[in-house]
């Protein structure tokens, strides 16, 4: 029996996934972690990286050798969508000892 030690980025302690053979695919590891942690595939996807080398495993068919420590990060399905909206509606800033300037910024792209 072989194993991979994993922990979520925000946790302190490692858990273990046990498997047969000298390695496990990233896809199979993700499935086992999601099953063990009771995560739903529709809610998040997992990002897997090597705890020692910080190498991120992006291909689902990549092989992870036994006895490796893995860091797991949860990401929303579809990734993080960046918005370019900036709303500063009222910012009063002192420009000198006696006067103030009012800055209003609305940026929507």
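Selection of region 38-68 for residues being within 13 Å of residue 26 (Cα to Cα), in a strand (DSSP E or B) and touching a strand residue (DSSP E or B) at 6+ places or on another chain (Cβ under 6 Å) yields 45, 46, 47, 48, 49, 56, 57, 63, 64, 65.
Hey, could you check region 55-83 for residues that are surrounded by fewer than 10 Cβ atoms within 10 Å (Cβ to Cβ) and within 13 Å of the chain's Cα centre (by Cα) and say which is modelled with the highest pLDDT? Once the filter is applied, the top-ranked residue is 78. Just one of the listed residues (24, 33) is in a strand (DSSP E or B), touching a strand residue (DSSP E or B) at 6+ places or on another chain (Cβ under 8 Å) and surrounded by 11 or more Cβ atoms within 10 Å (Cβ to Cβ), namely 24.
The values are calculated or read from the model by the stated rules, or taken from the named source; none is laboratory data. No experiment lies behind these values; they were computed from the predicted model shown. Every residue, glycine among them, receives a Cβ derived from its backbone with ideal geometry; neighbour counts consider all protein chains shown.
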